[in-house]
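Have a look at the structure below before the remarks.
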Amino acid sequence: MTYPLHCSCRLTLPQHATYMEKIRSRLESFRATVELQNETEFRLSWTFGWLSISRCDDQITVEGGATDATGLARIKDLLATAFKLYAKIDEPQIIWTGDHAHDQELAPFRLMEVEKVSDLSARIKRVRLHGSDLNRFEEFGNMHVRLLLPCSSVPDPIWPVAGPDGLTDWPDPARKPVSRVYTVRAIDTDASWVDIDVVTHGDSGAGSAWALSAKPGDQVGMFGPLGRPINRNAQHYIIGADETGLPALARLLEILPETATGLACIEVATQADVQPIENRTKINVEWLFRRDAPAGTSLALADRLIAEPWRNDLDCFGWFAAEDVAARRLRTHWRQNLGLTRDQTLAAAYWRRGVTGLMAG
């Protein structure tokens, strides 16, 4: 495959030895193909592009290529985000050269419009958003987006542009909208819409308040896709979620192979919160009810997945999305007790009890 578009930057990173392996591991976790790896260089590739990082003393050369502008923006985003996360000690100043180096159009951003709002259950609303050119939200294998929401303090927000590093830049920070991360429950790129399921709990949270008041014609920003792609080709799955992770779990049951086996366990408050799922797999679905227990106070969901035997005789994948304490409990079991790797499991904290804004659904 040829990659006609190219980007590069050069960085001086004296402390690179302390974090470069973390950068490589993060980039590889996005289901990359390793083409080259030695003491001074590694190269990864995807269907949409490639990247390489090489070093000579404290001088780091970062390069990438892609088939089109969307892929090139994705390469820049993956690289710049990894360095921003792990190279803070060296304060890297990433300035891209090459194709589309000075574009201010932010490739991951779309301006969306509310098409309709419907009730799925007593506490969950489904908001359909309409936009244009939504292919990137399906083709990279990630299931999450960041919604940029108008609110009472910023009713007329300004939308982001691309900075020199290819990441988000705000022309007027005072008009920056509030943001929440959600799962794309369903997407139709031909019809140009996405469905977002929102757990409502009064107007105490920005996302909940938005969903309760949303009406057709309202504008919101959408940024993404976000998150680490999961293994969609495993034979056996052990997966679980509470209400915040339910949209992602339900979507998995619709897109995983029909031959996939395993367990999907879902925690909700009561029977009234159960919603229909078009399970196209052979994975068994169990519902757990908290009843009078407040959300995030029970570890029954994590313990149910811990009790489920891990199938070492099959290509098995574990996935979990719920409150932070439960996610950490299950992650510890999978990683430390069973010795599984990040390629085999993903236990994500979608929210933390008493804290708003971590992950909305």
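The values are calculated or read from the model by the stated rules, or taken from the named source; none is laboratory data. Predicted model only: the values in this text are computed from it and were never measured. Cβ placement follows ideal geometry from the backbone for every residue including glycine, while neighbour counts extend to all protein chains displayed.
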Scanning the range 29-77 for residues that are touching a Lys or Arg at 6+ places or on another chain (Cβ under 6 Å), surrounded by 17 or more Cβ atoms within 10 Å (Cβ to Cβ) and over 23 Å from Glu105 (Cα atoms) gives Phe42, Ser52
Residues (crowded, with 16+ Cβ neighbours inside 10 Å and aliphatic (A, V, I, L, M)) located in the range 258-272: Ala260, Leu263, Ala264, Ile266, Val268, Ala269
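Take residues that are aromatic (Phe, Trp, Tyr) and tell me which of the strands (runs of 3 or more DSSP E) falling wholly in the range 249-361 contain 1 or more.
Details: elements: 261-268, 282-289, 316-323, 345-351.
Per the criteria, 282-289, 316-323, 345-351.
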Anything in the range 78-101 that is assigned to a helix (DSSP H, G or I), surrounded by fewer than 20 Cβ atoms within 10 Å (Cβ to Cβ) and not hydroxyl-bearing (Ser, Thr, Tyr)? List them, or say none. Lys84, Leu85, Lys88, Ile89, Asp90
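Being among the polar types (S, T, N, Q) and surrounded by 14 or more Cβ atoms within 10 Å (Cβ to Cβ) is the filter here; which residues of the range 1-28 pass it? Give the derivation first.
First pass over the range 1-28, keeping only residues among the polar types (S, T, N, Q): 2, 8, 12, 15, 18, 25.
Ser8, the sole residue that qualifies.
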Taking Lys88 as the residue in question, decide whether it is of a type outside the set (A, V, I, L, M), modelled with pLDDT of 95 or more, touching a Gly at 6+ places or on another chain (Cβ under 7 Å) and under 26 Å from Ser25 (Cβ atoms). no
Complete set of residues in the range 174-219 that are at pLDDT 95 or above, in contact with a Pro (Cβ under 8 Å, 6 or more places away or on another chain) and closer than 18 Å to Met143 by Cα: Ile196
Looking at (1) over 19 Å from Glu323 (Cβ atoms); (2) out of contact with any Pro (no Cβ under 7 Å at 6 or more places or on another chain); (3) crowded, with 17+ Cβ neighbours inside 10 Å, which is the only condition Ile255 fails? (3)
Matching residues, the range 101-117, being at pLDDT below 95 and of a type outside the set (A, V, I, L, M, F, W, C): His102, Asp103, Gln104, Glu105, Pro108
Would you check if there is a residue in the range 31-41 being touching a residue at least 60 places away in the same chain (Cβ under 8 Å), part of a loop (DSSP other than H, G, I, E, B), of a type in the set (S, T, N, Q) and not assigned by TED's automatic domain parsing to the domain that holds Gly166? no
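Let's see how each residue does on (1) of a type in the set (Asp, Glu); (2) over 18 Å from Pro225 (Cα atoms); (3) touching a helix residue (DSSP H, G or I) at 6+ places or on another chain (Cβ under 6 Å):
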{"residue": "Thr18", "(1), (2), (3)": "no, yes, no"}
{"residue": "Ile23", "(1), (2), (3)": "no, yes, yes"}
{"residue": "Ser29", "(1), (2), (3)": "no, no, no"}
{"residue": "Gly49", "(1), (2), (3)": "no, no, yes"}
{"residue": "Ser52", "(1), (2), (3)": "no, yes, no"}
{"residue": "Gly65", "(1), (2), (3)": "no, yes, no"}
{"residue": "Ala73", "(1), (2), (3)": "no, no, no"}
{"residue": "Thr81", "(1), (2), (3)": "no, no, no"}
{"residue": "Ala87", "(1), (2), (3)": "no, yes, no"}
Here are some conditions: (1) in contact (Cβ under 8 Å) with a residue 24 or more places away in the chain; (2) small (Gly, Ala, Ser); (3) not assigned by TED's automatic domain parsing to the domain that holds Arg175. Ala293 meets all but one. Which one does it not meet? (1)
Please go through (1) free of Cβ contacts under 8 Å to residues at least 40 places away in the same chain; (2) in a helix (DSSP H, G or I); (3) among the hydroxyl-bearing types (Ser, Thr, Tyr) for Thr70 and return the number of the only condition it doesn't satisfy. (1)
Could you list, in sequence order, all residues of the range 276-291 that are surrounded by 15 or more Cβ atoms within 10 Å (Cβ to Cβ) and polar (S, T, N, Q)? Asn279, Thr281
